[in-house]
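Take a look at the structure set out below.
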Amino acid sequence: MQVQVNDKPVRCPEGQSLTALLTTLEMPLQATAVALNDDIVARSEWDSTLLNTGDRIALFQAIAGG
């Protein structure tokens with residue numbers, strides 16, 4: 001199936017969890033925030049959130065600085 005990650009098409013297996021997608025994309029799980037179809041998903045729900053064809057995922061990383 002195909003989803004959109006930061007406006008770019010990404011292919012992934014049907015029914016993949018959000019955690020599995022982030023792992024596949026090699027995202028640092030501790031420093032990442034996720035919005036799925038414009039709704040923020042709590043980190044505690046990543047394992048149980050299954051993706052569907054056409055989902056829009058926005059990934060945000062914490063950046064240190066001043």
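The values are calculated or read from the model by the stated rules, or taken from the named source; none is laboratory data. Because the structure is a prediction, the values reported are computed rather than measured. Heads up, the Cβs are rebuilt from the backbone with ideal geometry, glycines too, and the neighbour counts pull from every protein chain shown. Note: areas computed on protein heavy atoms with side chains; ligands, DNA, RNA excluded. Shrake-Rupley method; radii C 1.70, N 1.55, O 1.52, S 1.80 Å.
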Within the range 54-66, restricting attention to residues that are open to solvent by less than 90 Å² (accessible area, probe 1.4 Å) and over 10 Å from the mean Cα position of the chain (by Cα), which residue is modelled with the lowest pLDDT? 65
Under the condition of being open to solvent by 90 Å² or more (accessible area, probe 1.4 Å) and in a loop (DSSP other than H, G, I, E, B), which residue from the range 6-22 is nearest to residue 46 (Cα to Cα)? 14
With the first residue restricted to the range 23-44 and required to be farther than 17 Å from residue 55 by Cβ, and the second required to be among the hydroxyl-bearing types (Ser, Thr, Tyr), Cβ contacts under 8 Å at 6 or more apart or on different chains are 29/19; 29/23
Return yes or no: is residue 51 surrounded by 16 or more Cβ atoms within 10 Å (Cβ to Cβ), within 11 Å of the chain's Cα centre (by Cα) and not basic (Lys, Arg)? yes
Among (1) touching a helix residue (DSSP H, G or I) at 6+ places or on another chain (Cβ under 9 Å); (2) surrounded by fewer than 16 Cβ atoms within 10 Å (Cβ to Cβ); (3) of a type in the set (A, V, I, L, M); (4) part of a strand (DSSP E or B), there is one condition residue 35 misses while meeting the rest; what is its number? (1)
